[in-house]
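Novice: Pasting a structure here, questions to come.
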Amino acid sequence: MTLSEKVFKVLCDQVNAELYSSYIYLSMSSWFDSTGYSGFAKWMRAQADEEREHAMKIYDYILERNGRVILAAIPAPKSEWSSVKEVFADTLAHEQKVSAMINNIADVSFSEKDYATVEFMNWFLKEQVEEEASVGAIVDKIEMIGESKNSMYLLDRDLGKRVG
Ligand code: MG
């Protein structure tokens, strides 16, 4: 089953988008490291690794369907933030954009009657629900505890416990 032109295009775009996500989170990780938040830096680095895995999952799927992945330029990510909250708010907004892209791939696959890709995208749809929920919870927590040095020290310590 060869991929249709349309499905191929949105999947290649998504490989790029996931690599861009990885790039954004790595940039956030680097910023956190430079500001002394080693826990947030670790969390973001794990997030960056996870995004690269997402890209490779789609990359491998394209190969499996006998496609050849065409890689495009990855835009430079933002590199400065004014607060911890701004970083996580950006993360949430970015994940919401990614969810819309994943939904679009499901839409395109469905209209192309490519049910194998619809099925493949189910994992990503569920993953996006989890991503939005986990990042949304962090944003809510920052709203609740405020951004004092004490509260950020504790949150940094908590998020630094992330494994994988
Ligand atoms: Mg992703």
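Novice: With point charges of +1 on the Cβ of Lys and Arg and -1 on the Cβ of Asp and Glu, referenced to the Cα centre of region 5-159, which listed residue (74, 109, 151) lies farthest in the positive direction of the dipole?
Specialist: Highest projection toward the positive end goes to 74.
Novice: Next up: When you count, for each residue, the other Cβ atoms within 10 Å and take the mean per peptide, how do 2-10, 86-94, 122-130 rank with the highest first? Could the numbers behind the result be given before it?
Specialist: Details: 2-10: 16.1, 86-94: 18.8, 122-130: 14.1.
So the order, starting with the most tightly packed, is 86-94, 2-10, 122-130.
Novice: Subtract the Cα-Cα distance of residue 96 and residue 30 from 0.36 nm times their separation in residues, and report this length gain in nm to one decimal. Don't skip to the end; give the middle numbers.
Specialist: Numbers: separation 66, 0.36 × 66 = 23.76 nm, distance 2.26 nm.
Between residue 96 and residue 30, full extension yields an extra 21.5 nm.
Novice: Okay, moving on. Could you calculate the FRET efficiency of residue 70 with residue 125 from 1/(1 + (r/R0)^6), where r is the beta carbon distance between them and R0 is 22 Å, rounded to 0.05?
Specialist: Values: r = 24 Å, r/R0 = 1.11.
The formula returns an efficiency of 0.35 here.
Novice: Given the C-alpha centroids of region 31-52 and region 133-161, what is the distance between them in whole angstrom?
Specialist: Spelled out, the Cα-based centre of one part sits 14 Å from the other.
Novice: Sticking with this one: Looking at this model, which pairs from 78/126; 126/149; 57/141; 141/161; 9/85 are more than 25 angstrom apart at the alpha-carbon? Mind dumping the intermediate values first?
Specialist: Numbers: 78/126 27 Å; 126/149 35 Å; 57/141 31 Å; 141/161 16 Å; 9/85 35 Å.
Over 25 Å Cα-Cα: 78/126; 126/149; 57/141; 9/85.
Novice: For each of 27, 38, count neighbouring Cβ atoms within 10 Å of the residue's Cβ, then give the residues from fewest to most.
Specialist: Values: 27 19, 38 13.
Exposure proxy ranking, most exposed first: 38, 27.
Where a number appears in this text, it was derived from the coordinates with a stated rule and is not lab data. Note that the structure is a prediction, hence the values are computed from the model and not measured. Using ideal geometry, Cβ is built from the backbone for each residue, glycine included, and neighbour counts are taken over all protein chains shown.
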